[in-house]
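> I have a structure I would like to understand better, so I am pasting it below and will then ask my questions one at a time.
The values are calculated or read from the model by the stated rules, or taken from the named source; none is laboratory data. All of these numbers come straight from a predicted model, not from anything done at the bench. Don't worry about glycine lacking a Cβ; one is built from the backbone with ideal geometry, like all the others, and counts go over all protein chains shown. Side chains are part of the model used for accessible areas, which takes the heavy atoms of the whole protein and leaves out ligands, DNA and RNA. Shrake-Rupley method; radii C 1.70, N 1.55, O 1.52, S 1.80 Å.
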Amino acid sequence: MNDTATAEAPAAAALHTIFHVARDYPQSPARVFRAFADKDMVRRWRVEDEGCVVHEFTFDFRIGGHEVSRFSFGGGPEIRLDAEFHDIVPDQRIVFAYRMGMGANPFSASLTTIELAPSGSGTRLTYTEQVAMLDGTDSAAGREEGCRQLMEKLAAELDRQG
């Protein structure tokens with residue numbers, strides 16, 4: 001038997017990074033929090049997108065609850081997000097861990113904290129993500145940019161709600 005044929009190549013080193021995104025919204029902390037807690041709102045601003053096909057979306061927003069999102073863009077491969085909520089303080093804080101993968105292959109694992117604080121007549125949202133990018137299949141800069149884009153989609157959803 002040839003040991004070389006059965007040996008697996010070593011995995012690429014995980015890239016660890018932390019990033020913060022802060023954004024002000026004119027809505028109250030309660031309204032912004034609702035956009036993270038309401039299943040239909042979350043699906044609209046965080047999962048659905050132009051050219052995206054959503055294959056599965058389950059959402060159980062409570063401590064110990066889970067989210068599963070499976071989607072693909074433009075006929076591309078399926079991407080899967082599995083999340084678990086670890087801390088929820090209404091109108092103030094959400095802490096969750098999530099893993100993203102393509103098919104059965106994970107490409108990142110993260111711990112995320114969302115903090116909401118009154119700011120004038122609105123809300124200051126601070127998003128902090130501690131991420132391990134796995135096997136070189138994603139970039140930390142790309143993840144941060146994607147987060148910034150999601151914060152803009154959140155603003156549009158909040159505006160849509162009136």
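> Among the numbered conditions (1) open to solvent by less than 70 Å² (accessible area, probe 1.4 Å); (2) under 20 Å from LEU15 (Cα atoms); (3) basic (Lys, Arg), tell me where ARG99 comes up short.
Evaluating ARG99 over (1) open to solvent by less than 70 Å² (accessible area, probe 1.4 Å); (2) under 20 Å from LEU15 (Cα atoms); (3) basic (Lys, Arg) leaves (1) as the failure.
Let's see how each residue does on (1) without any contact (Cβ under 8 Å) to a residue 24 or more places away in the chain; (2) open to solvent by 30 Å² or more (accessible area, probe 1.4 Å); (3) assigned to a strand (DSSP E or B):
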{"position": "THR58", "(1), (2), (3)": "yes, yes, yes"}
{"position": "ILE63", "(1), (2), (3)": "no, yes, no"}
{"position": "GLU67", "(1), (2), (3)": "no, no, yes"}
{"position": "PRO77", "(1), (2), (3)": "no, yes, no"}
{"position": "ASP91", "(1), (2), (3)": "no, yes, no"}
{"position": "ALA109", "(1), (2), (3)": "no, yes, yes"}
{"position": "ILE114", "(1), (2), (3)": "no, no, yes"}
{"position": "TYR127", "(1), (2), (3)": "no, no, yes"}
{"position": "ALA132", "(1), (2), (3)": "no, no, yes"}
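> Okay, moving on. Identify all residues within the range 134-162 that are among the acidic types (Asp, Glu), open to solvent by less than 60 Å² (accessible area, probe 1.4 Å) and either closer than 29 Å to ARG34 by Cβ or in a helix (DSSP H, G or I) (or both); write none if there are none.
If the condition is that a residue be among the acidic types (Asp, Glu), open to solvent by less than 60 Å² (accessible area, probe 1.4 Å) and either closer than 29 Å to ARG34 by Cβ or in a helix (DSSP H, G or I) (or both), then GLU144, GLU157 are the ones that fit.
> Considering the range 8-58 alone, what residues qualify as being over 22 Å from ARG80 (Cα atoms) and of a type in the set (S, T, N, Q)?
Hits for the range 8-58 are GLN27, SER28.
> Being open to solvent by 30 Å² or more (accessible area, probe 1.4 Å), within 22 Å of HIS16 (Cβ to Cβ) and not basic (Lys, Arg) is the filter here, so list the residues in the range 80-89 that pass it.
ASP82, GLU84, HIS86, ASP87
> Further question on the same structure: Tell me the residue from SER121, SER72, SER110 that is polar (S, T, N, Q) and more than 17 Å from GLY146 (Cβ to Cβ), please.
None of the others qualify; the one that does is SER121.
> Hey, another quick one. Go through (1) farther than 21 Å from LEU111 by Cα; (2) assigned to a helix (DSSP H, G or I) one by one and return the number of the condition ARG34 breaks.
(1)
> I've got another one for you. Being part of a strand (DSSP E or B), among the charged types (D, E, K, R) and more than 22 Å from LEU125 (Cα to Cα) is true for just one of ASP24, ASP82. Which residue is that?
The conditions single out ASP82.
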